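Participant: The structure that follows is given in the form of structure tokens.
The values are calculated or read from the model by the stated rules, or taken from the named source; none is laboratory data. Bear in mind the structure is a predicted one, so any value in this text is a computation, not a measurement. Positions of Cβ are generated from backbone atoms using ideal geometry, with glycine treated the same way; all protein chains shown enter the neighbour counts. Note: accessible area is taken over every heavy atom of the protein model, side chains too, but ligands, DNA and RNA are not part of it. Shrake-Rupley method; radii C 1.70, N 1.55, O 1.52, S 1.80 Å.
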Amino acid sequence: MRVLLTGGSGFIAAHCVDYLLQGNHEVVFTVRSHEKGKKILSNHPNVPEAKLSYVIVEDIAKEDAFDEAVKGTPPFQAVLHTASPFHFNVKDAKKDLLDPAIIGTTGILKAIQKNAPQVKRVVITSSFAAIVNPKQNPDTYDESHWNPVTMDEATNTDPGTAYRGSKKFAEKAAWDFVKDNKVNFTLSTMNPPLVLGPVVHYFNSLDSINTSNETIRDMIQGKFKDGLPPTRVILFVDVRDLALAHVRAMEREEAENKRFFITAGFFQNSDVAKIIKDNFPELKEKLPKEMEPDIKEFPYKIDNSRATKILSIEWRKLEESVIDTVKSMQAAGA
Ligand code: NDP
């Protein structure tokens, strides 16, 4: 298929590029600048332009941002929408998180509807943040759950609530769009929790690492030498499994019109620290002496069977994710 991939400079998108190319798809990714586009292309020197190229989309929070980008020549058959802000450096929740997430999502769907009638499949990267309700966890989380954050809470509480709101309202807007319009395409959404795994080779520096790998970076740089921080997100998935899930969701008919809870299972910071200690003796001094688990019992169960079955994912274990993440950071100068 010929695929438009948004947010090409992102951590997850970088791995989507790899799996799309492995699947023999043609990829056009969006980036905000030629500098970023050229940097990404330079990391795929043997891939011809017909297989991999980019198009500029400067700001997904603008209503018509995708109107031109979706007009592929030749036309696109599928769109993977990963672009959305994921950080907690928020001054204005609406401007910094909610608008790019929600308008970015509705904007790309409207653009496809208007200008890309050959697009048959759309896959959107949502999040477990759109599912989780930390104040009242159910017995078992699955794809039927939605967080109860209101727009008022998302706009006026704290960056974490703003992010959870941004993912929920963006994903809801996508499902409403396909319900309320006569569309030519089917939708799937990906709902991963914390995504770990090798960092992209072309990011600028370890200082600007993607949000979900920050804790591992801080651990190996000695920031938690005197004690590990409490584990905030207790579920993880490896970025390579998530990228493969995007591609399989795009390719498989059984995945159409479904949400997917994409997780390998539970973890906590002490597990990560122990894996690093056991596999990287040179980093022992950077880690705390005490590595007691901060969670004795996980507060809910999970059901990831839909993704396991329909997308045939064999979930990578935490050990593999952590080892490969640390190696990639060492290769980047950590
Ligand atoms: P990154 O920060 O690495 O990537 C985010 C991407 O979105 C970047 O390409 C960024 O461009 C782009 N982007 C953000 N805001 C805008 C904007 N206003 N205009 C144009 N482009 C924009 O994050 P991830 O790869 O981790 O996240 C990708 C997706 O996965 C997001 O939707 C996120 O919510 C979701 N997700 C991530 C999880 C994780 O643990 N990593 C967990 C669950 C969901 P630029 O580089 O130019 O800023």
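Participant: Ignoring ligands, DNA and RNA, what accessible area per residue does the chain give at 1.4 Å, in Å²?
Facilitator: 46
Participant: Carbon-plus-sulfur fraction of the accessible area of segment 173-216, 1.4 Å probe, in percent?
Facilitator: Carbon with sulfur: 45 percent of the solvent-accessible area.
Participant: Please give the net charge around Ser208, taking every other residue with its beta carbon less than 12 angstrom from that of Ser208, where Lys and Arg add +1 and Asp and Glu add -1.
Facilitator: Cβ neighbours under 12 Å give a net charge of -1.
Participant: Can you run phi through the Karplus equation (6.51, -1.76, 1.60; θ = phi - 60°) for segment 229-239 and list ³J(HN,Hα) in whole Hz, with x for Gly and Pro?
Facilitator: Result, ordered by residue: x, x, 6, 8, 9, 10, 10, 9, 8, 6, 4 Hz.
Participant: Something else: Per residue, how big is the convex hull around the C-alpha atoms of segment 91-153? Give it to me in cubic angstrom, could you?
Facilitator: 114
Participant: Counting only protein heavy atoms and a 1.4 Å probe, tell me what percentage of segment 108-165's accessible area is made up of carbon and sulfur.
Facilitator: 51
Participant: Related question: Carbon-plus-sulfur fraction of the accessible area of segment 244-307, 1.4 Å probe, in percent?
Facilitator: Taking all protein chains in place, segment 244-307 shows 44 percent carbon and sulfur surface.
Participant: Could you tell me the center-to-center distance, by alpha carbons, between segment 271-334 and segment 1-44 in angstrom?
Facilitator: For segment 271-334 versus segment 1-44, the Cα centre distance is 26 Å.
Participant: Hey, which of these cross-link pairs are over 24 Å Cα-Cα: Lys39/Lys327; Lys38/Lys286; Lys167/Lys223; Lys225/Lys274; Lys39/Lys110?
Facilitator: Flagged as over cut-off: Lys38/Lys286; Lys167/Lys223; Lys39/Lys110.
Participant: More than 23 angstrom separation, counting every C-alpha pair in segment 74-222; what % is that?
Facilitator: Pairs farther apart than 23 Å: 44 percent.
Participant: On to the next question. With 20 Å bins from zero, work out the P(r) of the chain over every alpha carbon pair and list the percent per bin.
Facilitator: Binned Cα distances yield the sequence 32, 60, 8.
Participant: Going by amide H atoms built from the backbone, whose H comes under 5 Å of the H on Ala264, apart from near neighbours?
Facilitator: Here the answer is Phe236, Val237, Asp238, since their amide H atoms fall under 5 Å of that of Ala264.
Participant: I would also like to ask the following. Report the charge-dipole magnitude of the chain in Debye, nearest 20, computed about the Cα centre from +1 at each Lys and Arg Cβ and -1 at each Asp and Glu Cβ.
Facilitator: Its charge dipole is roughly 420 debye.
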